[in-house]
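Enquirer: One structure, as structure tokens, below. Some questions next.
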Protein chains: 2
Amino acid sequence: MMARVGRREEILAIACRLFSQKGYHGTTIRDISEACGILSGSLYAHINTKEDLLFEITDRGAEAFLGSLEPIVKSGKTASQKLREAVKAHMHVIEANLEAATVFFHEWKALTGDRYEQIRKKRDSYERLWAAILEEGIKSGEFKQLDEKLARLLVLSVANWTYQWYRPGGKLKADEVADRFVEMILIGFQA
Amino acid sequence: MMARVGRREEILAIACRLFSQKGYHGTTIRDISEACGILSGSLYAHINTKEDLLFEITDRGAEAFLGSLEPIVKSGKTASQKLREAVKAHMHVIEANLEAATVFFHEWKALTGDRYEQIRKKRDSYERLWAAILEEGIKSGEFKQLDEKLARLLVLSVANWTYQWYRPGGKLKADEVADRFVEMILIGFQA
DNA sequence: GATAAAAACAAACAAGCGCTTGTTTTTGAG
DNA sequence: CTCAAAAACAAGCGCTTGTTTGTTTTTATC
């Protein structure tokens, strides 16, 4: 016999949903197992520890964000184009997996030891990719002579806050939101 | 004899610090009492429940943000001036009480029942104050014909993400950050 | 220095926590 | 139908959780 490959994914998805709703520390192993329709002990045929679940969810989230941004930064487009596509890519990752994105942004600090460090490093890498886009735009004269750090913080604030309000299936489509955000960032509010 | 008025405040400050560091569910009553230098049971001479602590911290946070923004919205200044002062006021609240702001933004969802609703309403009120500034600027023609909702989300993203990176005493002064953020928002990145 | 409020201790409570163990049931390929 | 792997159960481990209770110590005031 073979293990149903889907079972573990199912558990991850359920844990992801609960972590995003009630937080990691606010979710118990019994919450997860109950939502799976099994007893709490039975979960441990599929996982080693509760923190494994959190790590796997956040790590996949980190990889999704990194993997979507890397090709854009490496492309030969202009900084404005890269910025636009970066925001779009970021929104698409959130759209495709809002719950995992929420856990990634909101719960990753509950990780301990080496796993905390691993995710922290991936977050840093992600920020550096954004920094590269802004540095390029500032250096080439395409953007104003902005303080790169503050410009990056502004863009990242917009990107990183998205999980708090964006709801797939709502009126606002991810691509449209991204386009308008980038437009506002590029040309400003002032008439 | 009279109760030392400072004792309860001390406990609140310690709980605030721990909640901001480890989260509400990640902090135990024994963590708090130990940091206070007393036994866990002794805490209950000063508080009724653990959630009381969270509520008092988040409610004070909400009031601080609301109280700082209200007079600005009501003032007779231009929308741009209001926007500038609003961002400054927001940053000042965070600067003056980073830990409480962190708990307010990050842990308020751990509240239950009526208290959850109370804080949610205050958060809504706060967003509506920001909306008023943007609506005014758009209506008067001072700002471009922006989608008000998306413009508000952009500004709120920048404001609400601040607690994640701003550190009082660092190189960046709150007023300076606010000025540069507003400048970028008003006139955009494009050269 | 007596007094009473305030603050702390000492000890424990019921409930819930993450997780382990040994056993039984379900499953699907041969 | 057989049989072994996989998945679930049943029971409970040691520990921690938020909180309560009754008692003692500290504190400021008269």
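The values are calculated or read from the model by the stated rules, or taken from the named source; none is laboratory data. Just so you know, these numbers come straight off a predicted model, no measurement behind them. Here the Cβ is made from the backbone with ideal geometry for all residues, glycine too, and neighbour counts use every protein chain on show. Side chains are part of the model used for accessible areas, which takes the heavy atoms of the whole protein and leaves out ligands, DNA and RNA. Shrake-Rupley method; radii C 1.70, N 1.55, O 1.52, S 1.80 Å.
Enquirer: Just the number: Rg to Rh for the protein assembly as shown, Cα atoms, Kirkwood Rh, two decimals. Please report the intermediate quantities before stating the final value.
Expert: On the way: Rg = 22.2 Å, Rh = 22.5 Å.
Using only Cα positions, Rg/Rh for the protein assembly as shown is 0.99.
Enquirer: Cα atoms only: what Rg and Dmax, in Å, come out for the range A:1-155?
Expert: Rg and Dmax of the range A:1-155, Cα atoms, are 18.7, 64 Å.
Enquirer: Further question on the same structure: For B:147-155, what's the mean count of beta carbons from other chains sitting within 10 Å of each residue's beta carbon? Don't jump to the answer; show the numbers that get you there.
Expert: On the way: counts 6, 0, 5, 8, 4, 0, 11, 9, 4.
That average works out to 5.
Enquirer: Take A:LEU186 and A:THR78, extend 7 Å from each Cα along the Cα→Cβ direction, and tell me the distance between the two endpoints in nm.
Expert: A separation of 0.7 nm, rounded to one decimal place.
Enquirer: With the label 7 angstrom out along Cα to Cβ, how close does B:THR78 come to the same site in each of the other copies, in nm, nearest first?
Expert: Distances between equivalent label points, in nm: 2.9.
Enquirer: Suppose R0 equals 41 Å; then what is the FRET efficiency for A:ASP179 and B:ALA45 from their Cβ-Cβ distance, rounded to the nearest 0.05? List each step's numbers first, then the result.
Expert: On the way: r = 58 Å, r/R0 = 1.40.
Step by step, r from the Cβ atoms, then E = 0.10.
Enquirer: Hey, another quick one. At 1.4 Å probe size, with every protein chain present, just tell me what the per residue accessible area of the protein assembly as shown comes to in Å². Intermediate results must be reported in sequence, preceding the final value.
Expert: Values: 17860 Å² over 382 residues.
On a per-residue basis, the protein assembly as shown sits at 47 Å².
Enquirer: Accessible area, 1.4 Å probe, largest first: how do A:ASP59, B:ASP114, A:ASP175 sort?
Expert: On the way: A:ASP59 35, B:ASP114 105, A:ASP175 65 Å².
Result, largest first: B:ASP114, A:ASP175, A:ASP59.
Enquirer: For B:SER68, what accessible area in Å² do you get when you roll a 1.4 Å probe over the heavy atoms of the protein chains, rounding to the nearest 10?
Expert: 30
Enquirer: Give the shape of the range B:97-191 as rounded, prolate or oblate, defined through the alpha-carbon gyration tensor: a ≥ b ≥ c are the square roots of its eigenvalues, a/c under 1.5 means rounded, and otherwise the shape is prolate if a/b is larger than b/c and oblate if not. Intermediate values should be presented prior to the final figure.
Expert: On the way: a/c = 2.90, a/b = 1.26, b/c = 2.30.
It is oblate, given that a/c is not under 1.5 and a/b is not larger than b/c.
Enquirer: Of all chymotrypsin sites (Phe, Trp or Tyr not before Pro) in the range B:6-107, which ones are in loop regions per DSSP and have a Cβ with at most 13 other Cβ atoms within 10 Å? Let's see the in-between values first.
Expert: On the way: sites: B:PHE19, B:TYR24, B:TYR44, B:PHE55, B:PHE65, B:PHE104, B:PHE105; in loops: B:TYR24.
Qualifying residues, ordered by number: none.
Enquirer: Same structure again: Just need the relative contact order of the range B:51-187 here, percent rounded to a whole number, with Cα pairs under 8 Å and 6+ apart. Working shown, then result.
Expert: On the way: 117 pairs, mean separation 48.5, N = 137.
Result for the range B:51-187 is 35 percent.
Enquirer: Additional query: In whole angstrom, note down how far apart the Cα centers of the range A:42-116 and the range A:120-179 are.
Expert: The range A:42-116 and the range A:120-179 have Cα centres separated by 15 Å.
Enquirer: Okay, next question. Taking the Cβ of B:VAL103 as the center, what net charge do the other residues with Cβ under 12 Å away carry, scoring Lys and Arg +1 and Asp and Glu -1? Before the final figure, lay out each step's value.
Expert: Details: positive: B:ARG17, B:LYS22, B:ARG60, B:LYS109; negative: B:GLU56, B:ASP59, B:GLU99, B:GLU107.
Once positives and negatives cancel, what remains is 0.
Enquirer: May I ask you to give the percent of accessible area on the range A:25-163 that is carbon plus sulfur, with a probe radius of 1.4 Å?
Expert: 50
Enquirer: Taking a ≥ b ≥ c as the square roots of the eigenvalues of the Cα gyration tensor of the range A:1-89, is the shape rounded (a/c under 1.5), prolate (a/b larger than b/c) or oblate? Intermediate values should be presented prior to the final figure.
Expert: Numbers: a/c = 3.77, a/b = 2.40, b/c = 1.57.
In terms of gyration-tensor shape, prolate.
Enquirer: For chain B, what is the calculated [θ] at 222 nm in deg cm²/dmol (nearest 500), taking -39500 (n - 2.57) for each run of four or more DSSP H residues and dividing by its residue count?
Expert: Working: 8 runs with 133 residues, N = 191.
Using -39500 (n - 2.57) per qualifying helix, the result is -23500 deg cm²/dmol.
Enquirer: Plugging the Kirkwood radius over Cα pairs into Stokes-Einstein for the range A:151-191, at a temperature of 4 °C and a viscosity of 1.567 mPa s, what D comes out in µm²/s? Please list the in-between numbers first.
Expert: Values: Rh = 11.2 Å.
Stokes-Einstein gives a translational diffusion coefficient of 116 µm²/s.
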